[in-house]
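The values are calculated or read from the model by the stated rules, or taken from the named source; none is laboratory data. Predicted model only: the values in this text are computed from it and were never measured. FYI the Cβ positions are ideal-geometry reconstructions off the backbone, even for glycines, and counts take in every protein chain you see.
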Amino acid sequence: MIPPAFLFDLDGTLVDSVYQHVLAWREALEEAGIELSVWRIHRRIGMSGGLFVNALLRETGRRVDAVETARLQKRHAEAYVRQIAQVRPLPGARELLSYLSRARVPWTIATSGRRETARPTLELLGIGADTPVVTRDEVERAKPDPDLFLAAARSLGVDIGAAVVVGDSVWDLLAARRAHALGVGLLSGGYGQDELERAGAYRVYQDPADLLRHLDEVGVRASD
């Protein structure tokens, strides 16, 4: 049996960084005089920065132009970098990627983050320049549009229909559905199982370690 290719989200899927992003966004928004509860910010993590800002600001009734949106994204990136020392790989993340590599199962990462914020996180996972990684800088639209995952599949030379998208947010799984890929959800980003399943996940696991223990359920056998 030919194993599927795996397209991983990054934040909340392979690294425990969702709440650092939430706090970084809160800092950026408050500097601009915009106050939002942390839980409202969390619900939008995983979207592209521009969509994220627009969605949050709809809740406040405030309109922002492209210049202010770019300023907010820059402030978020700066605030996140200051918190990077608190970020850790999620349980089993390194082991999962190592196992897939040994089994010659193709995998890559597709993140709504820009290269600037993704780079130190990738270094935490020990991912070098030889691994194809698709970031927000390289596509026209980010999640919940399918562009990131379509580009990730192309980088591996595989058909998107033969790929499994692994993500922790409803935005990952909506993007997977729109790309016509199978979606696997992880609870490690703070979304509930029912939310992930409604967004399109056909399997849900706790974290990368739990997925590693159940790889046979998503098409990877021990002999692969």
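Here are the numbers for the structure shown:
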{"quantity": "Residue in region 58-75 that is crowded, with 19+ Cβ neighbours inside 10 Å, outside the structural domain of Ile127 (by TED's automatic domain parsing) and not in a loop (DSSP other than H, G, I, E, B) present", "calculated": "yes"}
{"quantity": "Residue tally, condition within 17 Å of the chain's Cα centre (by Cα) and in a loop (DSSP other than H, G, I, E, B), over region 77-115", "calculated": "8"}
{"quantity": "Given (1) touching a strand residue (DSSP E or B) at 6+ places or on another chain (Cβ under 6 Å); (2) modelled with pLDDT under 90; (3) closer than 18 Å to Ser17 by Cα, index of the condition Pro132 fails", "calculated": "(3)"}
{"quantity": "Subset of region 116-172 [part of a helix (DSSP H, G or I), among the aliphatic types (A, V, I, L, M) and touching a residue at least 40 places away in the same chain (Cβ under 8 Å)]", "calculated": "Ala118, Leu122, Leu124, Ala151, Ala152, Ala153, Leu156, Ala162, Val170"}
{"quantity": "Residue match in region 25-33 (condition: outside any helix (DSSP H, G or I) and surrounded by fewer than 19 Cβ atoms within 10 Å (Cβ to Cβ))", "calculated": "yes"}
{"quantity": "Among the candidates Ala118, Ala142, Ala181, Ala199, residue that is closer than 19 Å to Tyr19 by Cα, buried (at least 20 other Cβ atoms within 10 Å of the Cβ) and not polar (S, T, N, Q)", "calculated": "Ala118"}
{"quantity": "In region 184-224, the residues that are of a type in the set (Gly, Ala, Ser) and over 21 Å from Pro89 (Cα atoms)", "calculated": "Ala199, Gly200, Ala201, Gly219, Ala222, Ser223"}
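Listed here are the residues, each with its yes/no results for (1) in contact with a strand residue (DSSP E or B) (Cβ under 6 Å, 6 or more places away or on another chain); (2) surrounded by fewer than 24 Cβ atoms within 10 Å (Cβ to Cβ); (3) at pLDDT 90 or above; (4) in a helix (DSSP H, G or I).
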{"site": "Tyr19", "(1), (2), (3), (4)": "no, yes, yes, yes"}
{"site": "Glu35", "(1), (2), (3), (4)": "no, yes, no, no"}
{"site": "Ile41", "(1), (2), (3), (4)": "no, yes, no, yes"}
{"site": "Val53", "(1), (2), (3), (4)": "no, no, no, yes"}
